[in-house]
1. Among A:315, A:352, A:381, whose Cα projects farthest towards the positive end of the dipole of region A:280-395, with charges put on the beta-carbon of Lys, Arg (+1) and Asp, Glu (-1)?
2. Restricting to Cα pairs below 8 Å that are 6+ residues apart, what does the relative contact order work out to for chain A? Please round to a whole percent.
3. Quick one: go through region A:58-72 and flag any residue whose amide nitrogen is under 14 Å from the point 7 Å out along the Cα-to-Cβ line of residue A:33.
4. Mind checking the dipole of the protein assembly as shown: about its Cα centre, +1 per Lys or Arg Cβ, -1 per Asp or Glu Cβ, Debye to the nearest 20?
5. With a 1.4 Å probe and all protein chains kept in place, how do B:38, A:370 rank by accessible area, largest first?
6. How far apart, in nanometres, would the label points at residue A:444 and residue A:335 be if each is projected 7 angstrom from Cα along the Cα-to-Cβ direction?
7. Other chains' Cβ within 10 Å of A:440-450 residues: what's the mean?
8. Where a ≥ b ≥ c are the square roots of the eigenvalues of the C-alpha gyration tensor, would you call region A:346-462 rounded, which needs a/c under 1.5, or, failing that, prolate if a/b is larger than b/c, or oblate?
Amino acid sequence: MRILRACREMGVPSVAVYSECDRTAPHVRQADAAVAIGPSAPADSYLNIGRIVDAARGTGATAIHPGYGFLAENAAFARACREAGLVFIGPEADVIDTMGGKTAARRAAVDAGVPVVPGTEALVDTLSDDELCARADEVGYPLFVKAVAGGGGRGMRRVAETDAVVAGVEAARSEASTAFGESTVYFERLLEGTRHVEVQVLGDEHGTVVPFVERECSIQRRHQKVIEESPSVAVTLEVRAALAAAAVALSSAVNYTNAGTLEFLLDADGHFYFLEMNTRLQVEHAVTEMVTGVDLVQWQIRIAHGERLTVDRRQALTPVGHALECRVYAEDPDAGFMPAPGRITALRSPSGPGVRNDSGVEAGFEVPVFYDSMISKVVAWAPDRAGAIARMRRALTEYEVVGITTAIPALLWVLGHEAFVSGRFDTTFLDQALAERHGRSFSDLSAEETDLAVMAAALFAYFSAADTLGRGVDGTGPTPWRHAARLNGLRR
Amino acid sequence: MATAAGRGPVRLYVEVAGERRLVTVEPVGPVDSDGSRFTLRWNDTTYEVDVSRLRSGALSLIVPSAGHASHEVTCHETAPGELALGVAGRHVRDSALDPRQRYLLVLFSGWAEYSWQLLATG
């Protein structure tokens, strides 16, 4: 939907592709054309390069925007598009290869003079067990075994000591092989007490790279981002300038074009370390748009068609106000955040001043079991952070999703947590805070709310019975026969 | 549109957050199809409630004794006799309507008149 909206505003016709279970999805019905590309399983549809390219050719499309999932960072897909004479709205395939491969990206960062987290630039797959342990000892503990093709916390294992190295490597390789079809891994030192900040860049085909004000993505559950914001409360003007310079140096060094994001770890002293680069639009791009006023998706399309980047660098690095994004998933926070797909029977979306809801669902939509269960991204903007938090709380309280369980109660809890409100947190905050709840339900109600629930349940039963009876619930009202007779009388 | 005059009170068990209460629901005046005023009693406490049906599965409750604010509560049936309620952005699970389970099961499966009479006189 986000991409379609940008196309529509630019007067560009759009073609959506869809799998079987997405037939009724809003993006399918809102695009100018839609093409079925296969069964619901991703491998048979959204990951099938041939079918997507055929869909583009068959409809006369000239460009493909890969979105931010599935094939968005797949160099083979970018190559296939270009070989088919289609514009791939993203960087060159070779750049995806370089920056999408985590060890190659680390090497490029070192070459560009950008600090990296201590680790191995070379892969460790071919090493013997003893060599693995020796290499891990050199990096230092604790460390992460990370899959080169990994992301979203998958294909990653924390290792605290030499004895756990071999098992950690095997577990990470196995998970990465299943999730990404690629099992190569490397080591990276785990820096404790750090925050996750990232820098959005846009680069054009004429050598211009514009960095944007940082996003903070430290609120993570099992390495999955949950709440993002911009700017970061932990970044000073000096650090922002240094982050931007590092992002430009690395992006320029690899001739990066289109939208990309460089992720860094930031320690308490303001030192930052390059982690990796995402060679696509990020889920959390909306917070950058809200504080800079720049439409990143429109710029992606314009850059891909050879336009010269004219975004003002000072505007891009000077946030106006503060923006937060909450990822709303169909999952049950009281059941360990298990995915909770199903049919949305009623929906009231948040709105009002400073609120943006990028959603791909509506009432009647079946959240499929096949894909990521995120149903929308709620973004709140306000002149300052406290205002943005208040607005987000208000928006999430308004947000009503009936028929499925969502993580909204957990998001509201985080937004009210003292550590979050004060801005004193690092990437481990959320997992620790959740552990400290010891499984306490997110649905706990105050005494007043409990009374309301009792009233509502009783009244709901009362009205349901009245509806079913078609008469007063105490049995004294008109019978359905009498209703029918009255209606017939009115028709005469 | 007033559809019926509420005369007698209706009693039913409501279980929220593991605590079961016998709730008496009594209309105050005529019952409108879209809502009305009710008296609800449980645990020796009486509440006057102005209730309005917003749409399927959503009620607006104004409780004068609790500050007059309008509280929106959503309800949907997850199983016979069991409701999921949305209160203040949170979903309350294990909220069950259980006026001697078998009656409610009948109530929600369509034999409403018979079962409700049992319920109303229970």
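The values are calculated or read from the model by the stated rules, or taken from the named source; none is laboratory data. It should be emphasised that the depicted structure is a prediction, and the values quoted were computed from it without experimental measurement. Glycine gets a Cβ as well: all are built from the backbone with ideal geometry, and neighbour counts include every protein chain shown. Remember, those area values only see protein heavy atoms, side chains included, never the ligands or the DNA or RNA. Shrake-Rupley method; radii C 1.70, N 1.55, O 1.52, S 1.80 Å.
1. A:315
2. On the way: 933 pairs, mean separation 60.6, N = 492.
Relative contact order here is 12 percent.
3. A:58-64
4. Working: 59 positive and 78 negative charges, 490 e Å.
The calculated dipole for the protein assembly as shown is roughly 2360 debye.
5. Reading off the accessible areas and sorting them downward yields A:370, B:38.
6. Those two pseudo-labels are separated by 2.2 nm.
7. Values: counts 0, 5, 2, 11, 3, 7, 2, 0, 7, 9, 7.
Mean shielding by partner chains, rounded to a whole number: 5.
8. On the way: a/c = 1.43, a/b = 1.19, b/c = 1.20.
Rounded, because the longest to shortest axis ratio a/c is under 1.5.
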